[in-house]
Amino acid sequence: MTEKNTKLSVDLIKKFSAGELQELCKATEEAITAGIGFSWIKPPPRQNLENYWKGVLAMPQRNLFIGSFEGAVAASLQLVFPNRSNEASSFSASIDTHFVSPWARGHGLARRLLEAGEDLAFKSGFSQILLEVRETQERAISLYESAEYNKWGTLPAYHIVNKKVVSGSFYYKRLESKK
Ligand SMILES: CC(C)(COP(=O)(O)OP(=O)(O)OC[C@H]1O[C@@H](n2cnc3c(N)ncnc32)[C@H](O)[C@@H]1OP(=O)(O)O)[C@@H](O)C(=O)NCCC(=O)NCCS
């Protein structure tokens with residue numbers, strides 16, 4: 001899947017083309033340094049990041065979209081399908097590692113990635129998407145709420161960042177309306 005305009009592209013990838021993995025790692029490092037809001041608090045060694053992203057592509061239930069700005073990888077979103085053994089949640093996919101590197105923000109890339117993930121979820125037969133976000137990620141919260149995600153819960157002790165406990169918000173979106 002590719003959506004292109006003059007500046008932005010969003011691609012669902014199955015393997016990394018030349019240079020793509022390094023660009024994705026660089027974008028991840030930049031976003032971590034700016035406070036990525038999930039997983040890492042400070043950039044891990046480059047090899048660990050490379051292993052992480054390669055591992056994502058190796059897992060069949062993880063669908064990796066990468067976003068590029070003016071030709072360089074700047075963003076990601078994973079649409080995660082439930083494990084096959086999880087029959088009771090077979091209707092519900094989730095979103096992970098949704099970020100845009102600081103230099104590419106404010107141009108609509110995060111929204112494009114979100115829409116691409118929702119399209120794939122719907123086309124794959126899922127009727128619900130779940131995501132979670134740290135309370136301090138105001139841009140992300142405003143994006144998700146404007147995209148009609150409904151907050152269903154708050155976890156007071158969600159993350160510990162620089163010795164401070166930060167709460168998290170949990171969202172769902174039903175996809176029937178897109179039928
Ligand atoms: C949240 C994030 C992904 C947004 O990326 P982006 O490419 O700048 O977002 P877009 O340009 O697509 O904007 C989408 C929406 O984000 C919100 N947004 C963008 N910039 C904003 C700002 N400066 N202030 C408040 N809201 C903002 C708006 O709702 C915007 O919609 P609009 O353009 O229709 O007003 C990015 O800031 C980021 O990577 N943050 C750190 C990681 C993160 O918080 N991930 C969320 C899961 S934890």
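Things worth noting here:
- Under 19 Å from the Lys54 label point (7 Å along Cα→beta-carbon), backbone N, the stretch 7-37: 13-29
- Most fluctuating residue given options Arg139, Arg111, Arg62, as computed from a GNM of the chain linking Cα atoms under 10 Å: Arg139
- Taking the centroid of alpha carbons for each part, the stretch 98-176 and the stretch 45-80 are 17 Å apart.
- Backbone N atoms of the stretch 120-140 closer than 18 Å to the 7 Å Cα→Cβ label point of Phe91 belong to residues 121-131.
- Rounded to the nearest 20 debye, the dipole magnitude of the chain is 140 debye, with +1 charges on Lys and Arg beta carbons, -1 on Asp and Glu beta carbons, and the Cα centre as origin.
- Annotation: the antiparallel percentage among DSSP beta bridges lying fully within the chain is about 90.
- GNM result for the chain, Cα springs below 10 Å: residue of Ala34, Ala74, Ala157 fluctuating most strongly: Ala157
- Each of His98, His107 was scored by other Cβ atoms within 10 Å of its Cβ. Arranged with the fewest first, they read His107, His98.
Read-outs throughout are calculated quantities, based only on the coordinates presented, and are distinct from any laboratory measurement. The structure displayed is predicted, hence computed values, not measured ones. Cβ sites come from the backbone with ideal geometry, for glycine too, and all protein chains shown count toward neighbours.
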